[in-house]
Amino acid sequence: MSEQTDSGEDRRETGKSAASTKLFDIRTIIGGLFVVYGVLVGLAGMFPTAEGLAKSQGININLWTGLSMLALGGLFLLWVRLRPLETPEMSSEEG
Amino acid sequence: MHTLADGLRLSMNWMDSLILVIYFAVVLGIAFAAKRSVHTTLDFFLSGRSLPAWVTGLAFVSANLGATEILGMAANGAQYGAYTIHWYLIGAIPAMVFLGLVMMPFYYNSKVRSVPEFLLLRFSRSSHLLSSILFAVASVLIAGVNLYALAIVLQALLGWPIPVSIVVAGLFVLAYIIIGGLTSAIYNEVLQFFVIVAALVPLTVLGLVRVGGVGGLLDKVTASEGAQFLSAWGGTGFGQDNPLGANWLTITLGLGFAISFGYWTTNFAEVQRSLSAKNLSAARRTPLIAAFPKMFIPLIVVLPGVIALLVQPNIGQPGSEYDYNSAIPLLMAELLPNGVLGLAVTGLMASFMAGMAANVSSFNTVFTTDIWQAYIKPAMSDAHYLMIGRVVTAVGVLIGIGTAFIASSFSNIMNYMQTLFSFFNVPLFATFILALFWKRMTAQAGFWGLLLGTLAPVGFYSLYRVGIVEMGSDQAVNMTSSIIAFAVDVAVSVPVALATRPKPAEELVGLVYTKADANTRGELQKGDDAWYRKPALLGWGAIVLAVLCYIPFSI
């Protein structure tokens, strides 16, 4: 298997059962969802409504939340890029 | 007129709905993909034991961070103030560390698929069947609380009446679990964890701004509730008074020891998350990794509860249209603009799915392997049990819909949850401790201890409900009945054990602490011996950090 001593996270081993090789990478899913949410919520923040701003007491909470989610999602995707799963038959399972 | 539904009504726009729809599209996508990899019962129930520790660790927190936890601990925050952090610091961390460091090797190495199955190996069929039935009953009762929690959210969202919301919610969960089994449940829990946090952080920030920042919060709470509301130990001496109505001994023994160790070490919804890990090292690290995020969850759950009390001071009071359970939906309606609102609704729905899926999947594991396979139809094909597992899921959800109506009669669902834990988890924990650390413990003692240990707190609680016993608060009752449950279990087990014949020593290998096999570290993978993956370091680090977290609430 790969060098996995320094990543701070575990890597799944290969071939233990059919299921383990077919599981997809949760990091891609989290990263992808957060990027999409970041864009959506961020968009709401770019065009704030007066009513919404009044509720959030003048803070553009949508913009801040959107940007933070975008950043977190990006970090997850970067993590997948830098340390992809090392399982022989599943590279195309989830991308 | 200002009715409950109107006051809490959340006005979602297309953006909020889109966020919600995307989430469930992804969740169902995972379920479909996971279905392709589910081939055997081991896959369906334990995810084929293949997941890395950070995934099972976050699933471990997330299984506990259900809608009940979020609504219920916020309710506790509004009702009991800073005393609520006891449920996290003394009521969770030590028990999670104990599970990881001491108990996990027994569970993982004995290759059991459920907690009662361990009792079968250690004791006999009678205590196994008893504990399985107790487990099944507890799971569907707790599943009912989860359904009710979602119904509260649906009511706020769509204005549906609670009964309709309960039924619709139940059917949705059913579809979701049957499609994907536990594999997707664990993956979704990790996803849910991040969404919930992303939703609760902005809510807390806006809430703090609303009450004038941390300084304003402290001043206002002190002015309206008294300084004690912000302390964790104030007034907990004997004969003193505090919002919790419990003294320090009841808190430490009842909550810190009996309830919390009972819940975290024998609640299969939690333990199952660890059993899905890829090896023993990862299984032990699962609750230990979970302990760190767990410590900081009060900041985004309990704190909003306290803020809700300032925003709506009559919350939970007799005659008020808001009960404690509505603390979080109330703040969402007051503070969140469209966009973040959709995120918060999604987070709550997601957290509901986490709790409900955890309960239902542990119910079907225990029913299928420990009751059906063991006593009703043994020695059938794997496909048969897989089919039964799916049928039982449906039955479990249907019963859960029924028990949701019991939960709807409680103003603070966390009070009710803890009552259930004191009935079901505490005696089981007492029996486990004896089974693990005392090789003289016998099968007969296990059975009678468990039976009477469960009946005793039920009896005590009944006395409280009919008014014969007076206590400071519902939670003080729970802590006291937990101590009673533990004490009765041990008091019954020990004499029975001494009067009956123990199992021969060779049958106890791997099942009792003094037998060396249970202490092996299991096969290690490359990197598992890195210093930051040492279970002892992670465990003791969590304990030290929990003690430090108490300091601001103790002066």
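Derivation of every value follows stated rules applied to the coordinates shown; laboratory data play no part. The model shown is predicted, which means the values in this text are computed figures rather than measured ones. Every residue, glycine as well, gets a Cβ built from its backbone with ideal geometry; the counts of neighbours run over all protein chains shown.
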Inset, instruction - Estimate the FRET efficiency between B:LEU18 and B:ALA499 by the formula 1/(1 + (r/R0)^6), using the beta-carbon distance for r and 51 Å for R0, to the nearest 0.05. - result: 0.15
Inset, instruction - Please report, in cubic angstrom per residue, the volume enclosed by the convex hull of the alpha-carbon atoms of segment B:387-456. - result: 129 Å³
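In whole Å, what three semi-axes, largest first, describe the equivalent ellipsoid of segment B:309-411 built from its Cα gyration tensor (square root of 5 times each eigenvalue)?
Working: eigenvalues 328, 60, 14 Å².
Ellipsoid semi-axes (Å, largest first): 41, 17, 8.
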Inset, instruction - Determine how many Å³ per residue the convex hull of the Cα atoms of chain B encloses. - result: 146 Å³
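Could you grab the relative contact order for chain B? Cα pairs under 8 Å, six or more apart, rounded to a whole percent.
On the way: 969 pairs, mean separation 167.5, N = 555.
Dividing the mean separation by the residue count of chain B yields 30 percent.
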Legend entry - Crossing angle, helix B:67-80 versus chain B [Cα axis fit, 0-90 degrees, rounded to tens]: 60 degrees
Inset, instruction - Could you estimate the translational diffusion coefficient of segment B:247-298 from the Stokes-Einstein equation, with Rh from the Kirkwood formula over C-alpha pairs, at 4 °C and 1.567 mPa s, in whole µm²/s? - result: 105 µm²/s
Inset, instruction - Could you compute the FRET efficiency for A:LEU43 and A:LEU78, with r as their C-beta to C-beta distance and R0 at 30 Å, rounded to 0.05? - result: 0.85
Legend entry - Long-range Cα-Cα pairs in segment B:226-375 (distance over 19 Å), rounded percent: 71 percent
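By counting other Cβ atoms within 10 Å of each Cβ, how are B:GLU189, B:GLU270, B:GLU507 ranked from fewest to most?
Ascending number of Cβ neighbours within 10 Å: B:GLU507, B:GLU270, B:GLU189.
Any chance you could tell me what percent of the C-alpha pair distances in the protein assembly as shown go past 45 Å? It would help to have the intermediate numbers written out before the result.
Details: 30470 of 210925 pairs.
Tail of the P(r) past 45 Å holds 14 percent of the pairs.
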Legend entry - Sorted by Cβ neighbour density within 10 Å, fewest at the top, the residues B:THR500, B:THR454, B:THR252: B:THR500, B:THR252, B:THR454
Legend entry - Computed [θ] at 222 nm, deg cm²/dmol, chain B (DSSP H ≥ 4; -39,500 (n - 2.57); rounded to nearest 500): -22500 deg cm²/dmol
Inset, instruction - Work out the length of the dipole vector of segment B:262-349 about its Cα centre, built from +1 on the beta-carbon of each Lys and Arg and -1 on the beta-carbon of each Asp and Glu, and round it to the nearest 20 debye. - result: 680 debye
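Fewest to most neighbouring Cβ within 10 Å: what's the order for B:VAL214, B:VAL145?
Values: B:VAL214 10, B:VAL145 28.
Going from least to most buried by this count: B:VAL214, B:VAL145.
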Inset, instruction - Sticking with the crude label model, points 7 Å out along Cα→Cβ, report the distance from B:PHE296 to B:GLN317 in nm, one decimal please. - result: 3.6 nm
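Report the charge-dipole magnitude of the protein assembly as shown in Debye, nearest 20, computed about the Cα centre from +1 at each Lys and Arg Cβ and -1 at each Asp and Glu Cβ. Display every interim value, and only then the final one.
Details: 35 positive and 35 negative charges, 257 e Å.
With only Lys, Arg, Asp and Glu charged at Cβ, the dipole is about 1240 debye.
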Legend entry - Dimensions (Å) - segment B:110-157, Cα atoms, principal axes, largest first: 49, 20, 7
Legend entry - Diffusion coefficient, µm² s⁻¹, Stokes-Einstein with Kirkwood Rh over alpha-carbon pairs of segment A:24-82 at 37 °C and 0.692 mPa s: 276 µm²/s
Inset, instruction - Post the alpha-carbon centroid distance, segment B:50-101 to segment B:414-459, in whole angstrom. - result: 22 Å
Legend entry - Point-charge dipole on Cβ atoms (K/R +1, D/E -1) for segment B:214-313, about Cα centre, debye to 20: 600 debye
